[in-house]
Amino acid sequence: MTNTANIENAFQLAKERYAAMGVDVDIALQRIRNVAISVHCWQGDDVMGFEGDEGALGNGLAVTGNYPGRARTPDELREDLQLAYSLIPGRHRLNLHALYGEFQTPVDRDQIEVEHFQGWIDWAGDQGVSLDFNPSYFSHPKAADGFTLAHADAGIRQFWIDHGIASRKIAAAMGAAQGNPCVNNFWVPDGYKDVPVSRSAPRERLAASLDEIFAVDLPAEHTLDAVECKLFGIGSESYVVGSHEFYMGYAISRNKVLCLDAGHFHPTEVISDKISAALMYVPELLLHVSRGVRWDSDHVVTYSDELQAIMQEIVRGQYLDRVHIGLDFFDASINRVAAWAIGTRNALKAVMAALLEPIDQLQQLEREGDYTARLALTEELKSMPFGAVWDYYCQSVDVPVGAEWLDKVRDYEQRVQLHRTGDLQVAVS
């Protein structure tokens, strides 16, 4: 067990070190308490959902690994989430996909209603968790050929338009119930494996479909519409209809939230370099923080240089009130609750590190052209006692310090996850 007195002593020493650089640690702690990460539900069940069909994902999605203990029901998923939230400092959100409704009888996606998500709304209210939402344009017979809202068949297009309209109504109901906007994110996988002859026709159909979905204005205090771009995917290697340029233009012209996913660009591109540029023209951003390994593979978020750069850009630009931070990864090769804890804690660590920078001083040096001092200070920050502040924050909100959370996950795995029917096997820890 961690020694409480040692943590407090280390924290006081860290405060003094940061104060010498002009950083008020207490203000940083106050600010991070208001940062809410939207935790993605699909890490808990390998993006299977609860529609009753446990077939292959399809449409460019893939989850690798067969670690025991996957959540198979809404109640099991909620139980796993509750443990995950108890291991993460702060109060955070939950990002739901439309295929996670509770369906007593089969309901196709163009017919989903608020009642199918009432269990989630009630649970979220009890837990003090706010919800975000996503229509699900994948893993469905009407998406089998890789096209949905940009489909050449008007009937299939209309099916997915109706799904989008239904999803917006559900998101608005969630926002009304929780008293803050539910961010409703639209990602569609539409694209070609090989080079198309017409790049424009599918994009014209996609824009028209989205316009029909968004034709009715819904209260901004209840829901915000976001649109998500992508460079390529499995089955759409040569052409994706909803490219970055397409959705950037759409978000600007329709006043929508633009979603940037850390894995949706060329491997040499980073979303930290796009945040300030995009926010010059769109009202708000949604981020899907992920970790691609050579492609959009959605690995668990680690404390990487790019993760730190993303959070630095948000904090340095004073964008915390204009950027919605969400996670998007799915790893079935390790304990799924542990994956949530690792990824979300890392995201928050990166936010805290950014809040502990002497930003005014650094920006003043930059304005004065003193790039020598700017580089010297940013490098010195890398060895500052950030960990002591993070440990104190965790302790102050009664969340496990250091790797103590792993013991709770292992205990839960033995007591609960390994006893789920069909998953009872020896885990490799």
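Just so it is clear, none of the values below were taken in a lab; they were calculated from the coordinates. Predicted model only: the values in this text are computed from it and were never measured. Glycine gets a Cβ as well: all are built from the backbone with ideal geometry, and neighbour counts include every protein chain shown.
Remarks
- Packing, as the average of other Cβ atoms within 10 Å across residues, places the peptides 226-236, 95-105 in the order 226-236, 95-105, highest first.
- Between TYR247, TYR319, TYR371, the Gaussian network model of the chain with springs among Cα atoms under 10 angstrom shows the greatest mean-square fluctuation at TYR371.
- Comparing ALA388, ALA262, ALA354 in a Gaussian network model of the chain (Cα springs below 10 Å), the most mobile by mean-square fluctuation is ALA388.
- Estimated 222 nm signal from helices in the chain, with DSSP H stretches of n ≥ 4 weighted -39500 (n - 2.57), rounded to 500: -13000 deg cm²/dmol
- Measuring nothing but how far apart in sequence close Cα pairs (under 8 Å, 6+ apart) lie, relative to its length, segment 36-348 scores a relative contact order of 21 percent.
- Pairwise FRET efficiency - ASN66 versus ALA403, Cβ, R0 = 25 Å, nearest 0.05: 0.50
- Modelled FRET efficiency - R0 22 Å, SER396 with GLN82, Cβ distances, 0.05 increments: 0.55
- Stretchable slack from ASP360 to ASP126, in nm (0.36 nm times residue separation minus alpha-carbon distance): 80.2 nm
- Under a 5 Å amide H cut-off, with hydrogens placed 1.01 Å from N, GLU113 pairs with nothing among residues at least 5 apart or on other chains.
- HN-Hα J in Hz across segment 247-259 - Karplus 6.51, -1.76, 1.60, θ = phi - 60°, x for Gly and Pro: 6, 4, x, 5, 4, 5, 6, 10, 6, 10, 6, 9, 9
- Among 181-189, 197-205, the order from most to least packed when residues are scored by Cβ within 10 Å on average: 181-189, 197-205
- Long pairs among LYS193/LYS274; LYS193/LYS256; LYS230/LYS256; LYS142/LYS169; LYS193/LYS230; LYS142/LYS193, criterion Cα-Cα beyond 24 Å: LYS193/LYS274; LYS193/LYS256
- Taking each residue as 0.36 nm, the span from ALA201 to ILE234 lengthens on full extension beyond its C-alpha to C-alpha distance by 9.7 nm.
- Cβ-defined net charge surrounding ILE156, 15 Å radius [Lys, Arg +1; Asp, Glu -1]: -3
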